[in-house]
Structures are given as structure tokens and as C-alpha cells.
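Student: There's a structure below that I have some questions on.
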Amino acid sequence: MSSPNKSTGMYHSVKGNVVESVGTVTGSEEWKKSGQKEHVDGEAEQKAAQIKDTATGMYDQAAGRVQGVKAAITGDKPGQVSAAAQEESGKAAQKNA
């Protein structure tokens, strides 16, 4: 299985709703159930992608913090700047997840 993706999850969620609606209108239980399943699978993929993005952001934030401390101890000013940027990027990724 590929990595969870918010866009793909949204696509399957919406497509599932459409297929379910067609099944409802036409009276096809098979289409209705197929649409419900695809919708649920799409919602699950969106949630998994959100969790993955949050975890990645947490990792980047922590790694940036550790690198910042290391750079501060060694007096590496460019390293401190780079580490601060990584930490902020991690924070932003968590907010946007």
C-alpha cells in the first residue's frame, strides 16, 4: 500500500458518495454498498494522512530542537539558524495537518 494521501482520500470519499447516490436513485444495493465502502475508505485515508503529517511535523520539530542545542553548544551560528528553521517547519506541519 502506498503512503496515505489527503487528496486521494478526498477523491475516494467524494466518489463513494456519488456512487452511493447513484445506487440509491437506481435502487441498486450493490452500488449503494460499494459507494459507502469507498467513502469510508477515503475518510480513513484522509485521517491516516493527517496523522502521518502530524508525526512528521513532531519529528522535524524535535530534530530541529536537538540540532539547535548542538549548534549552540559548538557555537555554530549557521547551524542554529538551520535548526530553528527546521523546528519552525515542524511546528507549521503539525498545525496544517
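Student: Find which of 9, 62, 36 sits farthest along the positive direction of the dipole of the chain, computed with +1 on the beta-carbon of Lys and Arg, -1 on that of Asp and Glu, about the Cα centre.
Tutor: Working it through, the farthest residue towards the positive pole turns out to be 62.
Student: Let me ask another. Using the alpha-carbon atoms, what tilt in degrees (0 to 90, nearest 10) does helix 6-26 show relative to the longest principal axis of the chain?
Tutor: On a 0 to 90 degree scale, this one is about 10.
Student: Would you mind putting 72-80, 4-12 in packing order, based on average other-beta-carbon counts within 10 Å, highest first?
Tutor: Highest to lowest by the protection proxy: 4-12, 72-80.
Student: Please determine, in degrees from 0 to 90 and to the nearest 10, the orientation of helix 77-96 with respect to the longest principal axis defined by the Cα atoms of the chain, where the helix direction is its Cα long axis.
Tutor: 20 degrees
Student: Right, something else. Given Cβ point charges of +1 (Lys, Arg) and -1 (Asp, Glu) and nothing else, what value in debye, to the nearest 20, does the dipole of the stretch 6-96 about its Cα centre take?
Tutor: In debye, rounded to 20, the stretch 6-96 gives about 280.
Student: Helix 29-74 versus the longest principal axis of the chain: what angle, 0 to 90°, nearest 10, using Cα atoms?
Tutor: 0 degrees
Throughout, read-outs are computed from the coordinates displayed, never taken from laboratory work. Predicted model only: the values in this text are computed from it and were never measured. Positions of Cβ are generated from backbone atoms using ideal geometry, with glycine treated the same way; all protein chains shown enter the neighbour counts.
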